[in-house]
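Encoded as structure tokens, the structure appears first; notes follow it.
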Amino acid sequence: MVDKDYLFSPSEVIKLVGEEGVPELLGEYQILLRQHLALPLPSIGEEIAETFFRSVHSLKSSSQFIGASVLADLCLKLETECKQNEFCSGSLLSLSLQVRKYAKELDGQVTNYLSM
């Protein structure tokens, strides 16, 4: 469940690791977000890089863990699209852009949350 003002669930994170574990867990999650954001987007007709696929898979699992359900669902769709296609299609690129948009927004929210 996502908390009202966030794309992730701070209460879910607290339940899992306790108040004292939140900064470390969310800090590790931010590293994952930023690693994904640093990857180049695939181009239409280009072979899908294994690094890109693994990054999407990791981001999906980690997003589920912190209650970022929208990003986890987008990553699942993107992961499925990557598995079904060897080369980048228009729909795969569109999903990649959506994941990137949410990842950027989530990174900002995590930064704000940790600075409170």
With the requirement that a residue be modelled with pLDDT under 95, among the acidic types (Asp, Glu) and either surrounded by 14 or more Cβ atoms within 10 Å (Cβ to Cβ) or in a helix (DSSP H, G or I) (or both), what does segment 47-78 give you?
GLU50
Give the number of residues within segment 18-46 that are assigned to a loop (DSSP other than H, G, I, E, B) and not aliphatic (A, V, I, L, M).
5
Does PHE8 satisfy the criteria of being in contact (Cβ under 8 Å) with a residue 60 or more places away in the chain and either touching a helix residue (DSSP H, G or I) at 6+ places or on another chain (Cβ under 8 Å) or not polar (S, T, N, Q) (or both)?
yes
Which ones in segment 11-41 are among the β-branched types (Val, Ile, Thr), closer than 21 Å to LEU74 by Cβ and without any contact (Cβ under 8 Å) to a residue 24 or more places away in the chain?
ILE31
Could you pull out the residue among ILE66, ILE44 that is in contact (Cβ under 8 Å) with a residue 40 or more places away in the chain and more than 18 Å from PHE8 (Cα to Cα)?
ILE44
Out of LYS104, LYS4, LYS15, report the one residue that is closer than 21 Å to MET116 by Cα and not in a helix (DSSP H, G or I).
LYS4
On the given criteria, is PHE87 over 22 Å from GLU24 (Cα atoms), of a type in the set (Phe, Trp, Tyr), touching a residue at least 40 places away in the same chain (Cβ under 8 Å) and surrounded by fewer than 20 Cβ atoms within 10 Å (Cβ to Cβ)?
yes
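The values are calculated or read from the model by the stated rules, or taken from the named source; none is laboratory data. Here the structure is a predicted model, which is why all the values come from computation and not from measurement. For neighbour counting, all protein chains shown are included, and Cβ atoms are generated from backbone atoms with ideal geometry for every residue, glycine included.
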